[in-house]
C-alpha cells in the first residue's frame, strides 16, 4: 500500500478564498483523522471518522471548517473562507481499529499558507 | 487521558545512545504507552508501544518500570537521520483523541 496520500502538498491562497484539502486513507482502515500542526499549538486533532461517519468534530476551530468522507477511500477538509491564522500543516491519518492502542498512519501533510 | 511530560529538547552525537524519559504519573490500569517520531516536513510515524517491563523492536527499546509512572524510549547508536521530534502518548482502547503534546526534539550532531 502507498500509505496515506494527501494532496496538495503545498497550498498558497489569499484570505477569503476557499481551500480544499484531500486525503486518501490506507485501504481497509476504518478510522480517519484530520490534524492541524502549528508551532504555537502543536498537533491538534480536528475531527475523526469511523466507517465514513464523523464521530467527533469538537476540535474543528469554527464553522469555517468542514470535513466530509463520502466513501471509504476519500476525505476532504474544507476551509471557507480562509484566514491567515489558518496557516498550518494539515495532516490526515488513518488506522485500522482506532483507539489509543492502534497505530495511526499519517500522510505527508499539506502545508497551507493563507496570505 | 493521562498527562505526559517529556523534555523539550535533547542533543546527542552520532553513535551514542539516546534515552528520552516521559513522565505519566496519572496513567490508568488500561493505558498503554506509545511513542511516535516525526521528521521535518513529514507526518508522525509509530515507533513502539508497550504496557510494562521492556519492549524492543528494530528501531528502539521501551523501558517501563513496575509502577508505570514513567517510561524511557531508548534509541541505540543514533545517526544524523534520527534527528526528529519524539512524542510520548498514553492511551487506552477507546481513546480516539490522542494528545501528542510538544514532544522532545532530538538533535544528533556529527
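The values are calculated or read from the model by the stated rules, or taken from the named source; none is laboratory data. Because the structure is a prediction, the values reported are computed rather than measured. Heads up, the Cβs are rebuilt from the backbone with ideal geometry, glycines too, and the neighbour counts pull from every protein chain shown.
Every residue, every condition in (1) surrounded by fewer than 20 Cβ atoms within 10 Å (Cβ to Cβ); (2) within 14 Å of chain A (Cβ to nearest Cβ); (3) touching a strand residue (DSSP E or B) at 6+ places or on another chain (Cβ under 6 Å), yes or no:
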{"residue": "B:41", "(1), (2), (3)": "yes, yes, no"}
{"residue": "B:49", "(1), (2), (3)": "yes, yes, yes"}
{"residue": "B:61", "(1), (2), (3)": "yes, no, yes"}
{"residue": "B:98", "(1), (2), (3)": "no, yes, yes"}
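Restricting the search to region B:18-31, which residues are within 12 Å of another protein chain (Cβ to nearest Cβ) and either surrounded by fewer than 20 Cβ atoms within 10 Å (Cβ to Cβ) or under 17 Å from residue B:107 (Cβ atoms) (or both)?
Kept after step one, since they are within 12 Å of another protein chain (Cβ to nearest Cβ), are these residues of region B:18-31: B:27-28, B:30-31.
Within region B:18-31, B:28, B:30 meet the criteria.
Looking at residue A:97, is it closer than 23 Å to residue B:35 by Cβ and exposed (fewer than 15 other Cβ atoms within 10 Å of the Cβ)? In short, yes.
Only residues that are within 14 Å of chain A (Cβ to nearest Cβ), farther than 15 Å from residue B:4 by Cβ and surrounded by 20 or more Cβ atoms within 10 Å (Cβ to Cβ) were counted in region B:63-96, giving 1. Only a single criterion out of (1) more than 10 Å from chain B (Cβ to nearest Cβ); (2) part of a loop (DSSP other than H, G, I, E, B); (3) touching a strand residue (DSSP E or B) at 6+ places or on another chain (Cβ under 8 Å); (4) closer than 24 Å to residue A:87 by Cβ is not satisfied by residue A:29, namely (4).
Hey, any hits in region A:55-74 for a residue that's under 15 Å from residue B:43 (Cα atoms), surrounded by 15 or more Cβ atoms within 10 Å (Cβ to Cβ) and modelled with pLDDT of 95 or more? Within region A:55-74, none of the residues are under 15 Å from residue B:43 (Cα atoms), surrounded by 15 or more Cβ atoms within 10 Å (Cβ to Cβ) and modelled with pLDDT of 95 or more.
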